[in-house]
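The structure appears right after this line, and notes come after that.
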Amino acid sequence: MRTTLAVTKVQLRIMKNDPWFLIVMLGMPLVVMPLFKQTIGLSLVANGFPDASGAEIVVPGQAVLFGFFVGGSAGFSVFREHGWRTWDRLRASAASPASLLFGIAIPWIIIHVAYQAALFGAGYLLLGLRWNGGSPIASLMVMAGYAVVVIGIIMLAAATLRTMNQMGVVQNVGAMAFGGLGGALVPLEQLPGWAEAVAPFTPAYWAMEGHREVLLKSGGITDVLGPVAILIGSGAALAALAARRFRADETKEFFA
Amino acid sequence: MLVARGLTKSYGDVHALRGADLDVKAGQIVGLLGRNGAGKTTMLSIIAGLLAPDGGSVEIGGIDAFTNPRDAARLVGIAPQDTGIYPVITVRENLEFFGELAGLDRKARSSRAEEVAERLGLEQLLDRRGGKLSGGETRRLHTACALVHTPKLLMLDEPTVGADVATRVQVIEAVRKLAEDGAAVVYTTHYLQEIESLAAEVVIIDSGEVLAAGSQEDLISNHSLSGVRFVTDGHPPPTGPDFEPVEVAENTYRVVGDLQMPDLLARFGDDSSHLVSVETLRPDLETVFLAVTGSRLDDEVTA
């Protein structure tokens, strides 16, 4: 626990001193959101949500989509330790391999939730996102669940893959495929039938289900328990698999 | 403090270690000498828990390092050959992190960070980012990170390779001080002067085997040789009953015995113009190494 905390703290310091990735990841959705808001709003109105502005989907959708990119950086953190040659120093310490892995993952879960919350805050201020009786706490629970499952996927990828390029592929393809199929880019109602059938196998789907409950149906905490349980349960299972698969003595290529 | 017995490690057909032993007592500095590929780094990696051996045992401070690796790791500080620091956080943050990782509380790691920084000439750089340091400063920080928790066993793998003179002096002083404070130190280097100035015990390893071990004085009196080493332009040297040059590298020969440069020139006679260079071998660690391994320390291992 102590060593996990030490690794978590140093990861947070690294991010604090090198925040440009997160700044860019905050800026890009803010550019994209206004472009899609009206179109998505019209689609929602046509599908039985007469008061919808479009922000109810576009804000969580972009948070979910770009959230996967942000989560991908947790995997890069593992590879970066190899690139900086600090990995062997960590391994030679009294820290267990699992505590190193969780020490890297935990700060990214915190950052991931903060990132999604920041986009929701920007949506509130700039795009007129309103909860309309829904629970902001329930939104936060969905964000936390999504953060756990994304970081779980990324940690399993980091435990399995050998090169940074492979990690980049998982990050990019995962974000676009999960986001697209899960209803983060366009409302689920607009997806073709086969995609709607596949959607529940993506974490984005359950995150969007939770957000739709809160933002479109004025849902509260109990209304999101199902999606949140699926997200956290899947995330925990993936994290356990990552810890089991993870071999600290495996060589990883930072520049390959 | 460190008792390693019968360490073996193979990579396919390549035997990196063949039953190597290493003993280091508290307060003792052991210089581990060997050519590139001799097995030094493999040995340190096994002792530090970075590499699983095929056989053997390691005890650190009485703790079996293979059955209780976490407990053993708390006693060890290692600076691997490749410098490993965090470039985007400060020198202080690097030091405090490795202190925290080793279990130091906030106050202890803060004061130890300042102590080791001062010892290694980094006290003015504590608030500078690791990535902004010069090569020598980076090397010193890399070493300092291994010292910060006052390890009982310190292992430095070529800590001064590529370093400037000031860095070498500071690293050697820091190592000496740590040993005076009771730490056991294993120090690998290609610079024999460093081993001499540390007054270290010496362990010579070659092809994965420990070939000799002892104090410098004992090794010099038991193993050292005198003679000459010479390089020709490709012309084969003369041979005779009491003159048997051994080719140690391409066109490079060694003759041991009570032989001086005029004797060599006399042996070559009219062919002395084929001599490119001649070096007299005197009894010292270099010739101990030569006598024990048949090669110079800076010769590459050929597979």
Here the protein assembly as shown gives, from Cα atoms, an Rg and Dmax in Å of 31.0, 109
Mean Cβ-within-10 Å packing, highest first, puts peptides A:10-22, B:278-290 in the order B:278-290, A:10-22
Quick note on A:Thr222, A:Thr163, ordering by fewest other C-beta atoms within 10 Å, gives A:Thr222, A:Thr163
Averaged over the residues of B:79-87, the number of partner chain Cβ atoms within 10 Å of each residue's own Cβ comes to 5
Beyond 28 Å (Cα-Cα) in this structure, taken from A:Lys16/A:Lys37; A:Lys9/A:Lys217; A:Lys252/B:Lys177; B:Lys40/B:Lys132; B:Lys40/B:Lys177; A:Lys252/B:Lys40, we find A:Lys16/A:Lys37; A:Lys9/A:Lys217; A:Lys252/B:Lys177; B:Lys40/B:Lys132
Between B:Glu217 and B:Asp181, Cβ-based FRET efficiency (R0 35 Å, step 0.05) works out to 0.90
Magnitude of the Cβ-charge dipole (Lys and Arg +1, Asp and Glu -1) of chain A about the Cα centre, nearest 20 debye, reported as 900
Listed with the fewest Cβ neighbours within 10 Å leading, A:Lys9, A:Lys252, B:Lys25 appear as B:Lys25, A:Lys9, A:Lys252
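Compute the projected area of the convex hull of the Cα atoms of the stretch A:1-44, averaged over all viewing directions, and report it in nm² to one decimal place.
4.9
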Taking Cα pairs closer than 8 Å and at least 6 residues apart, the relative contact order of the stretch A:2-245 in percent is 27
Sorted largest first, the Cα spans of the stretch A:2-245 on the principal axes come out in Å as 60, 35, 33
Here the membrane-span-like helices of chain A, with no claim about any membrane, defined by DSSP H, Cα axial extent at least 20 Å and mean Kyte-Doolittle at least 0.0, are A:20-46, A:55-83, A:97-126, A:136-160, A:164-181, A:221-245
If unit charges are put on Cβ atoms (+1 for Lys and Arg, -1 for Asp and Glu) and the dipole of the protein assembly as shown is taken about its Cα centre, the option from A:Gly152, A:Phe120, A:Thr222 lying farthest towards the positive end turns out to be A:Thr222
Output ordering of A:104-110, B:228-234 (per-residue mean of other Cβ within 10 Å, highest first) is A:104-110, B:228-234
The protein assembly as shown: antiparallel bridges as % of DSSP beta bridges, rounded to 5, reads 65
Taking R0 as 30 Å and r as the Cβ-Cβ distance between B:Leu265 and B:Glu196, the FRET efficiency 1/(1 + (r/R0)^6), rounded to the nearest 0.05, comes to 0.45
With the 8 Å Cα cutoff and a minimum separation of six or more residues, the stretch A:1-117 has a relative contact order in percent of 41
Averaged over residues of B:49-57, the number of beta carbons from other chains lying within 10 Å of each residue's Cβ is 2
Proxy exposure order for A:Phe102, A:Phe254, A:Phe68 (fewest C-beta within 10 Å first) is A:Phe254, A:Phe102, A:Phe68
Across 10 Å bins beginning at 0, the whole-percent shares of Cα-Cα pair distances in the stretch B:2-220 come to 9, 35, 36, 18, 3, 0
Per-residue average of other protein chain Cβ atoms inside 10 Å, peptide A:73-86 -> 2
Percent relative contact order for chain B, counting Cα pairs under 8 Å at least six residues apart, stands at 21
The distance between the Cα centres of the stretch B:1-39 and the stretch A:16-57, in whole Å, is 60
In debye to the nearest 20, the charge dipole size for the protein assembly as shown, taken about the Cα centre with +1 at each Lys and Arg Cβ and -1 at each Asp and Glu Cβ, equals 2780
Only helices counted: for chain A, with every DSSP H run of 4 or more residues adding -39500 (n - 2.57) and the sum spread over all residues, [θ] at 222 nm is -26000 deg cm²/dmol
Once the dipole of the protein assembly as shown is set up from charges on Cβ (+1 Lys and Arg, -1 Asp and Glu), the residue from the list B:Thr41, B:His223, B:Leu265 lying farthest towards its positive end is B:Thr41
Treating only Lys and Arg (+1) and Asp and Glu (-1) as charged, each at its beta carbon, one finds that chain B has a dipole about its Cα centre, in Debye to the nearest 20, of 1340
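Just from its helices, what would the mean residue ellipticity at 222 nm be for chain B, if runs of 4 or more DSSP H residues each count -39500 (n - 2.57) and the sum is divided by every residue, rounded to the nearest 500 deg cm²/dmol?
Helix contribution divided over all residues of chain B: -9500 deg cm²/dmol.
Each value in this text was obtained by applying a stated rule to the coordinates, not by laboratory testing. Please read all numbers here as calculations on a predicted model, not as lab measurements. Note that we place each Cβ from the backbone using ideal geometry, even for glycine, and neighbour counts take in every protein chain shown.
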